[in-house]
1. List the distances, in nm and shortest first, from the label point of A:Asp13 to the matching label points in every other copy, placing each point 7 Å from Cα along the Cα-to-Cβ direction.
2. Given springs between every Cα pair under 10 Å in a Gaussian network model of chain A, which of A:Gly169, A:Gly111, A:Gly381 has the largest fluctuation?
3. Compute the Cα gyration tensor for region B:15-211, then decide on rounded, prolate or oblate, letting a ≥ b ≥ c be the square roots of its eigenvalues: rounded whenever a/c is under 1.5, prolate when a/b is larger than b/c in the other cases, and oblate in all that remain.
4. Cα centroids of region B:1-62 and region B:72-92: how far apart, whole angstrom?
5. Under 1.5 on a/c is rounded, so check that first for chain A, then, if it is not, pick prolate when a/b is larger than b/c and oblate when it is not; a ≥ b ≥ c are the square roots of the alpha carbon gyration tensor eigenvalues.
6. What is the interface area between chains A and B, defined as buried accessible area summed over both chains with a 1.4 Å probe, reported in Å² to the nearest 100?
7. Given a cut-off of 23 Å, name the pairs among A:Lys16/B:Lys23; A:Lys311/B:Lys86; B:Lys16/B:Lys189; A:Lys374/B:Lys109; A:Lys29/A:Lys185; A:Lys8/B:Lys185 whose C-alpha atoms lie farther apart than that in the structure shown.
8. Nearest 5 percent is fine: what portion of the DSSP beta bridges confined to the protein assembly as shown is antiparallel?
There are 2 protein chains.
Amino acid sequence: MIKRELPKDRPNDFSKIIPDVEKIINYVKTKGDEAIFELEEKFDKVKLTSLKLNNIEELASQVSEDLKKSIDIIYSQIYEFNNTIKPPNMIGGSFNGVEYGVLWRSIEKVGIYVPGGDKAYPSTLLMAGVPAIVAGVKEIYVSSPPNKINPVIAYISLKLNVKEVYTIGGAQAIAAMAYGTQTVKKVDKIVGPGNIYVQAAKYLVSSDVGIDGIEGPTELVIIADESANPNNIILDLRAQAEHGRLTFLVLLTTSDKLIEIVTRELDKDENTYFVLKVNSIDEAIDIANEVAPEHLSLQVENANEYLMKVKNAGAITLGSTPPALIDYSAGPNHILPTNSWAKIRGGVSVYDYLKMIMYASAKTPDKKVIEASKILAKYEGFNYHADSIGVRYE
Amino acid sequence: MIKRELPKDRPNDFSKIIPDVEKIINYVKTKGDEAIFELEEKFDKVKLTSLKLNNIEELASQVSEDLKKSIDIIYSQIYEFNNTIKPPNMIGGSFNGVEYGVLWRSIEKVGIYVPGGDKAYPSTLLMAGVPAIVAGVKEIYVSSPPNKINPVIAYISLKLNVKEVYTIGGAQAIAAMAYGTQTVKKVDKIVGPGNIYVQAAKYLVSSDVGIDGIEGPTELVIIADESANPNNIILDLRAQAEHGRLTFLVLLTTSDKLIEIVTRELDKDENTYFVLKVNSIDEAIDIANEVAPEHLSLQVENANEYLMKVKNAGAITLGSTPPALIDYSAGPNHILPTNSWAKIRGGVSVYDYLKMIMYASAKTPDKKVIEASKILAKYEGFNYHADSIGVRYE
């Protein structure tokens with residue numbers, strides 16, 4: 001279906017299911033493994049005998065050589081991208097006689113959630129896992145619904161040197177990794193997309209454990225001019241539509257001809273496509289900045305120029321580069337902010353697995369810095385603060 | 001009081017007050033300004049006529065020249081530190097024929113909460129605000145309990161080019177900035193410490209708006225060897241104790257003499273100090289890494305060497321540098337992770353006001369990258385993804 005106006009909202013409200021998810025979390029917190037066995041039978045319709053995948057090597061050996069090679073290539077691509085953006089320690093800065101800097105240190109224990117749903121998402125394990133490897137994370141744990149664990153997930157888990165793979169899905173997987181059970185290791189941070197129950201659970205546990213963010217249905221905004229190939233755009237929109245009916249799909253274009261071709265072709269599809277005419281590519285960029293889409297595709301001439309005007313987006317493809325390449329092998333991530341969160345944070349990267357430690361050393365600071373500190377500390381009523389500073393530099 | 005063993009927990013549990021805070025948030029969401037006037041009268045005992053500070057210039061002009069100069073010096077120090085660590089755009093990376101990179105863009109609208117309590121915290125406004133300026137944030141809003149707004153906060157607000165200062169405290173301030181009211185602007189991200197109500201409110205609104213983190217009572221771990229000055233250490237611990245009875249205060253030392261002097265002096269104090277003998281500085285570093293303290297002070301010889309062994313801490317001072325210098329003018333921040341969050345994230349910096357946008361451009365990618373993407377996409381059942389990639393490079 002084609003609509004010619006953008007919707008006011010992209011609703012992704014999980015407030016109604018919060019009480020249910022809270023119950024699941026509390027149940028896992030108090031009953032541990034026992035609760036999970038019961039919840040897996042209830043929600044995933046599986047009677048498990050173990051919450052851990054015990055035959056990883058055997059399962060991994062079933063992967064075809066073609067698939068193995070593909071995974072290895074994609075692994076390297078994501079690795080190189082993250083290695084390029086990995087921040088170095090900054091040591092030896094100084095101002096007014098105070099030496100300072102920052103150290104970047106990896107998080108120790110990370111839990112990756114690989115979602116279920118209609119399809120399988122081993123690529124998500126690569127997207128979440130490889131940046132963790134680049135960061136130097138020592139302990140990676142993986143959880144995924146039991147019916148979704150396949151040989152490729154096993155193969156990638158081996159490549160990532162994953163400590164344990166849990167056959168647990170939904171809110172119970174998030175609760176287990178957040179608080180630990182007899183079988184499941186408590187982690188420092190949980191990363192990964194999932195359905196609304198998974199996202200609600202991530203939100204709820206975020207007072208006790210780190211999360212990457214709350215991810216909703218996927219989004220694609222394509223900006224195209226006369227130079228764009230209509231067939232490519234149709235395929236790009238249909239590709240993104242493969243993620244389900246809630247996907248948010250937008251084409252902003254200056255070309256009437258493009259609108260005509262795309263509209264004619266996609267009008268019969270089940271998904272809703274928002275197709276808008278704009279007067280200029282600059283206008284389209286303004287709209288995109290307001291929408292802050294997960295994926296932005298700049299299928300325009302001089303895409304590099306317009307790239308610099310983007311303020312809010314998860315990931316961007318330039319020119320004829322297919323947006324789906326980000327989903328697999330370009331290097332950037334496909335776990336990205338949705339529902340306007342791109343105004344606030346970026347997609348999953350090596351930064352999600354690092355944290356910054358600041359330090360300062362003041363052997364011979366300028367006198368004015370010391371005086372300023374003492375004056376403000378005293379004004380605020382922190383006299384010992386002032387004294388502890390003053391006693392050093394008298 | 002002196003204790004010779006570390007506690008098992010640093011409790012900072014706000015689960016009991018969640019229902020109350022939820023009520024406050026929902027009330028502000030539905031009734032807007034009206035709710036805030038009522039809540040301010042109830043909690044801060046002030047009958048407000050406006051929710052905005054309207055006489056900023058006049059108030060700011062009351063600040064003494066000495067204080068103004070001190071604030072200007074501290075402002076510069078925080079500015080330079082954050083400017084040094086500000087990440088540049090990374091443009092022009094490439095691997096296997098795919099060009100990629102990241103752009104760093106500032107968040108647009110930021111709300112800073114300046115807490116109330118026994119004392120005044122204008123320094124917190126500098127700590128939260130200056131990194132935002134370095135990031136290029138266009139719209140900064142400030143909120144603080146009405147009885148805590150003073151000339152210095154007004155002066156700093158002018159320096160930060162703050163759009164509006166709201167005379168609102170507590171959970172109602174957080175709710176107002178998260179959802180907007182007739183008077184209060186809805187922001188993209190809320191930054192700043194506060195009491196347990198403020199922190200619970202930040203947690204609750206974090207599904208709808210960015211937050212810096214959840215900050216609890218302040219913490220200091222001092223590691224000291226024979227070379228440390230006992231008087232300095234006593235002052236450092238008492239300085240940190242000025243933040244209140246919940247402050248977590250630890251001394252780890254190899255020196256019996258130091259333990260004797262410090263214990264004798266501090267045993268009469270109201271605060272609890274944890275004083276532990278260690279066999280080596282390495283052992284102390286291990287303990288500190290487990291505790292992941294907000295502030296870590298390395299009052300040892302060769303502090304630079306031990307610095308590199310720290311894995312988890314908010315901010316570190318080296319050698320005789322007073323920890324309190326971080327609270328004012330060293331450059332690093334004093335809004336830092338507490339309660340073990342230093343295992344997961346760092347303190348407030350320019351990074352809190354930036355987000356990363358990833359991009360990729362693949363005009364002539366290596367064939368193997370394209371093949372790998374198509375193979376994995378088909379395996380996952382995403383045929384249009386595969387087609388949208390394939391059609392470009394056939």
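The values are calculated or read from the model by the stated rules, or taken from the named source; none is laboratory data. Remember, predicted model here, so these are calculated numbers, not experimental data. We place every Cβ from the backbone using ideal geometry, glycine too, and count neighbours over all the protein chains shown. Note: accessible area is taken over every heavy atom of the protein model, side chains too, but ligands, DNA and RNA are not part of it. Shrake-Rupley method; radii C 1.70, N 1.55, O 1.52, S 1.80 Å.
1. Reported distances to equivalent positions: 3.2 nm.
2. Most flexible of the set in this elastic network: A:Gly381.
3. Numbers: a/c = 2.29, a/b = 1.30, b/c = 1.76.
The shape class here is oblate.
4. 31
5. On the way: a/c = 1.84, a/b = 1.19, b/c = 1.54.
Note, shape of chain A comes out oblate.
6. On the way: alone 19810 and 19780 Å², together 29650 Å².
Chain pair A/B: roughly 9900 Å² of buried accessible area.
7. Details: A:Lys16/B:Lys23 16 Å; A:Lys311/B:Lys86 17 Å; B:Lys16/B:Lys189 25 Å; A:Lys374/B:Lys109 32 Å; A:Lys29/A:Lys185 13 Å; A:Lys8/B:Lys185 19 Å.
From the list (A:Lys16/B:Lys23; A:Lys311/B:Lys86; B:Lys16/B:Lys189; A:Lys374/B:Lys109; A:Lys29/A:Lys185; A:Lys8/B:Lys185), the Cα-Cα distance tops 23 Å for B:Lys16/B:Lys189; A:Lys374/B:Lys109.
8. Values: 26 of 102 bridges.
About 25 percent, rounded to the nearest 5.
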